[in-house]
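Structure first, then comments.
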Amino acid sequence: MKPRVDTSRNPDIRAVCGGSGSGKSSYVKAELKKLKPKRLIIWDPVDEYGDLCNMRITSPRELADLLKRYPHGALKVRFVSDGKEMFEFWARCAFAWCNAAVVAEETADVTSPSKAPYWWGQLIRKGRARGLSPIFALTQRPAESDKTAIGNATLFRTGRLKRADDRKMVAKELDVHVNEVTGLKPLDFVERNDVTGEVKKGNLAST
Ligand SMILES: Nc1ncnc2c1ncn2[C@@H]1O[C@H](COP(=O)(O)OP(=O)(O)O)[C@@H](O)[C@H]1O
Ligand SMILES: [Mg+2]
């Protein structure tokens, strides 16, 4: 019998930063189109993943019931909700579900810099051992978000950022001069692969 949890994948946690309109969601959608995960679970507070994921759930009960009905099979589901409590509920569901790609949109709205919400922390730290990969964590305001995703990221990526404290924090994380981050144009990005150490720069419209 095949084991329930697929741990064969490499760690793949991608922290994606950038101000509103910098291309975070477009990057994640392009990656999902390439990766074509059979199982996908998205925290989708602004209801923007309809093109990739038609199962749209808004009630926590319905989310839990649906996931229980699909312990193994193909399913792409997005939870359109808001608030810290619902985010934790979603993270707990994703953690229990196993073997899926995970997207968490706008984590600064539902986490804080001081302490990771419990199940979100579990998802990031122990997700791979449960076949949860890749995990995409997106934020407009990295300096105000929980650092678990950033601290555990295998890929750290930023687009243009609006606030100076975010630019400073991101430059430090990428180990580049802050001017490189300040100088980013719309849809420009800089990313650092923590496995290879490679730093890549580009523009979403030309990649
Ligand atoms: N490859 C691309 N070429 C041109 N425009 C793009 C491309 N990718 C994204 N955009 C545009 O950039 C804008 C911001 O993208 P989005 O991914 O929603 O940003 P964010 O998630 O960071 O707020 C959107 O209006 C989108 O249409
Ligand atoms: Mg977005």
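The values are calculated or read from the model by the stated rules, or taken from the named source; none is laboratory data. Everything numeric in this text was worked out from a predicted model, so none of it was measured. Cβ coordinates were reconstructed from backbone atoms using ideal geometry, including for glycine residues, and neighbour counts include every protein chain displayed. The protein model used for the area step is the full one, side chains on, heavy atoms only, and it has no ligands, DNA or RNA in it. Shrake-Rupley method; radii C 1.70, N 1.55, O 1.52, S 1.80 Å.
The table that follows gives values for the structure above.
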{"item": "Estimated inter-spin distance, Asn10 and Glu198, nm [label 7 Å along Cα→Cβ]", "result": "0.9 nm"}
{"item": "Tensor-based shape of the stretch 98-207 (alpha-carbon gyration tensor, a/c under 1.5 rounded, otherwise prolate or oblate)", "result": "prolate"}
{"item": "Solvent-accessible area per residue, Å², over the chain with all protein chains present [probe radius 1.4 Å]", "result": "50 Å²"}
{"item": "Helical contribution to [θ] at 222 nm, DSSP H n ≥ 4, -39,500 (n - 2.57), averaged over the chain, rounded to 500", "result": "-9000 deg cm²/dmol"}
{"item": "Karplus-derived HN-Hα couplings along the stretch 182-188 (A = 6.51, B = -1.76, C = 1.60, θ = phi - 60°), whole Hz, x at Gly and Pro", "result": "4, x, 5, 8, x, 6, 5"}
{"item": "Three-way shape call for the stretch 5-156 based on the alpha-carbon gyration tensor, with the a/c threshold at 1.5", "result": "rounded"}
{"item": "Surrounding net charge for Cys53, when Lys and Arg each add one and Asp and Glu each subtract one, Cβ distance under 9 Å", "result": "+1"}
{"item": "Placed amide H near Leu40: partners under 5 Å, 5+ positions off or other chain", "result": "Leu75, Lys76, Val77, Ala101"}
{"item": "DSSP beta bridge pairing in the chain, given as percent antiparallel to the nearest 5", "result": "25 percent"}
{"item": "Surface share of carbon and sulfur [accessible, 1.4 angstrom probe, percent] for the stretch 13-206", "result": "49 percent"}
{"item": "Anisotropy class of the stretch 91-152 from Cα gyration tensor, a/c 1.5 cut", "result": "prolate"}
{"item": "Amide H contacts of Asn203 (H built 1.01 Å from N, under 5 Å, at least 5 apart or other chain)", "result": "Phe189"}
{"item": "Estimated distance in nm for a label pair at Ser59 and Lys162, the labels positioned 7 Å out from Cα along Cα-to-Cβ", "result": "3.5 nm"}
{"item": "Max mean-square fluctuation residue, GNM over the chain, Cα-Cα springs under 10 Å, options Phe89, Phe156, Phe79", "result": "Phe89"}
{"item": "Positive-end residue of Val110, Gly50, Ser145, charge dipole of the chain with Cβ unit charges", "result": "Gly50"}
{"item": "Max mean-square fluctuation residue, GNM over the chain, Cα-Cα springs under 10 Å, options Ser22, Ser59, Ser112", "result": "Ser59"}
{"item": "About the Cα centre, charge dipole magnitude for the chain (Lys/Arg +1, Asp/Glu -1 at Cβ), debye", "result": "660 debye"}
{"item": "Karplus 3J(HN,Hα) series, Hz, for the stretch 58-70 with 6.51 cos²θ - 1.76 cosθ + 1.60 (x for Gly, Pro)", "result": "10, 9, x, 4, 5, 4, 4, 5, 4, 4, 4, 6, 10"}
{"item": "Listed residues Ile135, Ile150, Ile57, most fluctuating in the chain (Gaussian network, C-alpha, under 10 Å)", "result": "Ile57"}
